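The values are calculated or read from the model by the stated rules, or taken from the named source; none is laboratory data. Since we're looking at a predicted model, the values are computed, not measured. A quick note on method: Cβ atoms are made from the backbone with ideal geometry, for glycine too, and the neighbour counts reach across all protein chains shown. Keep in mind that these areas ignore ligands, DNA and RNA; they rest on the heavy atoms of the full protein, side chains included. Shrake-Rupley method; radii C 1.70, N 1.55, O 1.52, S 1.80 Å.
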Amino acid sequence: MARPRKPLLSTDRIVETARELVDAEGLAAVSTRRLAAELGVSGPSLYNHFRTKDEILEAVADSVSALVDLSMFEDGRDWRTALHDWAVSYRAALRDHPNIVPVLARGPGRRPAALRVADAAYGAMVDAGWPPSQATSIGALMRYFIMGSALGSFAGGFVDDASAYDPADYPHLGQAHLLAEQQEKIDERAFETGLAALLDGLAQQYEQARQGV
């Protein structure tokens, strides 16, 4: 009986395996030697697809950018609704793959999916009537906000030990030890609060620009 063949090595398979490693163990876990072992191939065979580890991480980052929904910029939603829905989708992609955020935070570079994200957001703002310079600033602002929200959990940064928050030292943190157990709820609410405030401010600027103020 013939032995089953190993799956053929492909760019997609390398990226998927590398993404799983990054998700599970962080950026430092990725090396060509480790990746080759995970894939069951020899190290040199990876070089037929990627020249360096950095190229692999760039591809992993772009695979996460590809998860961001862009349909809101194409289906007639007003600019504010589109930005809101885009931010939610963008954050969800980063929340599911937080360890790759430092690579994404470097900017899109030459990554195709990341450039499509930037192009869609910028184009939608210009089409909505924002001046190009302000559309650029909006793209940067949204990126700062979304990336920052994905870099770490506010609620998860507090320990669940009440003794760590002595009222004599921290009179307003008597309930801080309870934050971690409601991490997802608190972080989601904080994100939506910040996003609403950001969009309210942009809406005010938009009206002022239209009125020539």
What residue, among those in the stretch 129-175 that are of a type in the set (A, V, I, L, M) and touching a His at 6+ places or on another chain (Cβ under 8 Å), is nearest to SER89 (Cα to Cα)? VAL159
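Does ARG77 meet the test of being assigned by the TED database to the domain that holds ASP200 and of a type in the set (Lys, Arg)?
For ARG77, the condition - assigned by the TED database to the domain that holds ASP200 and of a type in the set (Lys, Arg) - is met.
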For the stretch 163-194 the number of residues that are open to solvent by less than 60 Å² (accessible area, probe 1.4 Å) and outside any helix (DSSP H, G or I) is 3
Can you go through ALA36, ALA28 and tell me which one is in contact with a helix residue (DSSP H, G or I) (Cβ under 9 Å, 6 or more places away or on another chain), among the small types (Gly, Ala, Ser) and part of a helix (DSSP H, G or I)? ALA36
Being closer than 12 Å to TRP79 by Cα and open to solvent by less than 70 Å² (accessible area, probe 1.4 Å) is the filter here; which residues of the stretch 111-136 pass it? ALA120, ALA121, GLY123, ALA124, MET125, VAL126, ALA128, GLY129, TRP130, ALA135
Quick check on my filter: what residues within the stretch 137-158 are crowded, with 16+ Cβ neighbours inside 10 Å and touching a residue at least 12 places away in the same chain (Cβ under 8 Å)? ILE138, GLY139, MET142, PHE145, ILE146, MET147, SER149, ALA150, SER153, ALA155, PHE158
Of the residues in the stretch 89-124, those that are among the β-branched types (Val, Ile, Thr) and in contact (Cβ under 8 Å) with a residue 60 or more places away in the chain come to ILE100, VAL103
When you go through ALA124, ALA118, ALA197 one by one, which is the residue that is more than 23 Å from VAL64 (Cα to Cα), assigned to a helix (DSSP H, G or I) and within 23 Å of the chain's Cα centre (by Cα)? ALA197
Could you go through the stretch 33-54 and let me know if any residue there is crowded, with 20+ Cβ neighbours inside 10 Å and either at pLDDT 95 or above or in the same structural domain as MET125 (by the TED database) (or both). no
Only listed residue being assigned by the TED database to the domain that holds PHE145, within 18 Å of PRO112 (Cβ to Cβ) and part of a helix (DSSP H, G or I), chosen from ALA18, ALA93, ALA87, ALA59: ALA93
Scan ASP62, ASP69, ASP127 and give me the residue that is over 22 Å from SER149 (Cα atoms) and modelled with pLDDT of 95 or more. ASP127
